Amino acid sequence: RKTGDMYIADVGQYDWEEVNFVPAASTGGENFQWRRIEGFNTFNSGTALTKGTSTDPVFEYDHNAGSSITGGYVYRGKRNQALAGRYVFGDYCSGTVWSLPARAHERQARLEAQTGMRISSFGEDVDGELYLVDHAGRVFRAVQ
């Protein structure tokens, strides 16, 4: 909403979940090597790498941490300054919520919450406040 950048949460094929990043200045055509690469790891070595430059993910986690990533938003609200400018995302199976610093070189995810929910979606309101939706249809506002 503020920068036009796009984060893409990609449910892995087998062992790894990943977050990809496309800057607003991109002209398109990023090659994430899906089907061949999973996170930073070879998935299907029998599939040839496609032509062009590969675009690595900005973050990955293995199935010890969760097994179905749910994409979120960069937090732009005012109620939770600890999340300001961070990409917030979760995992459907583990109920974990993490955040990454948006547009920073440091890609260490920070654990935000263990919800115990099946996180099916995130949303945001007109003020940039973040909401989490669980599989049962309940909606929760992110708070400190």
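The values are calculated or read from the model by the stated rules, or taken from the named source; none is laboratory data. Bear in mind the structure is a predicted one, so any value in this text is a computation, not a measurement. FYI the Cβ positions are ideal-geometry reconstructions off the backbone, even for glycines, and counts take in every protein chain you see. To get the accessible areas, we keep the full protein, side chains included, count just its heavy atoms, and leave off ligands, DNA and RNA. Shrake-Rupley method; radii C 1.70, N 1.55, O 1.52, S 1.80 Å.
With N set to the residue count of the range 62-144, report its C-alpha Rg divided by 2.2 N^0.38 Å to two decimal places.
1.02
Averaged across orientations, what area in nm² does the convex hull of the alpha carbons in the range 24-90 project?
Its average projected convex-hull area is 6.4 nm².
Largest first, what is the accessible-area ranking of Arg36, Arg118, Arg76 with a 1.4 Å probe?
The residues order as Arg118, Arg76, Arg36, largest area first.
Scan around Val74 for amide H atoms under 5 Å from its own, H built in the peptide plane at 1.01 Å from N, and keep only partners 5 or more places away or cross-chain.
Val88
Looking only at the range 49-69, which residues have a backbone nitrogen under 13 Å from a spot 7 Å from the Cα of Arg35 in the C-beta direction?
49-51
When only C-alpha pairs under 8 Å and at least 6 residues apart count, what is the relative contact order of the range 44-92, in percent?
Across the range 44-92, relative contact order equals 33 percent.
About the Cα centre, and with charges only on the beta carbon of Lys, Arg (+1) and Asp, Glu (-1), how big is the dipole of the chain? Nearest 20 debye, please.
So the magnitude is around 380 debye.
Can you give the net charge of the other residues whose Cβ lies under 14 Å from the Cβ of Leu111, counting K and R as +1 and D and E as -1?
Charge balance in the 14 Å sphere: 0.
So, for the range 1-130, what is the accessible surface per residue at a probe of 1.4 Å, expressed in square angstrom?
Dividing the accessible area of the range 1-130 by its residue count gives 54 Å².
Please compute one quarter of the surface area of the Cα convex hull for the range 97-144 and express it in square nanometres.
Averaged projected hull area, Cα only: 4.1 nm².
What is the chain's relative contact order, in percent, from Cα pairs under 8 angstrom and six or more apart in sequence?
17 percent
What is the distance in Å between the Cα centroid of the range 99-144 and that of the range 1-76?
18 Å
Roughly how big is the range 66-135's charge dipole about its Cα centre, with Cβ charges of +1 (Lys, Arg) and -1 (Asp, Glu), in debye to the nearest 20?
Approximately 240 debye in magnitude.
Using every alpha carbon pair in the range 1-133, what percent of pairs falls into each 10 Å bin from 0 up to the bin containing the largest distance?
Here the calculated profile for the range 1-133 is 12, 41, 34, 11, 1.
How much of Asp56 can a 1.4 Å solvent probe reach, expressed as accessible area in Å² and rounded to 10?
Here the accessible area works out near 100 Å².
Round to a whole number: what % of the accessible area of the chain belongs to carbon and sulfur, probe 1.4 Å?
Within the chain, the accessible surface is 49 percent carbon and sulfur.
Once you charge only the Cβ atoms, +1 for Lys and Arg and -1 for Asp and Glu, what is the size of the charge dipole of the range 95-140 about its Cα centre, to the nearest 20 debye?
With only Lys, Arg, Asp and Glu charged at Cβ, the dipole is about 280 debye.
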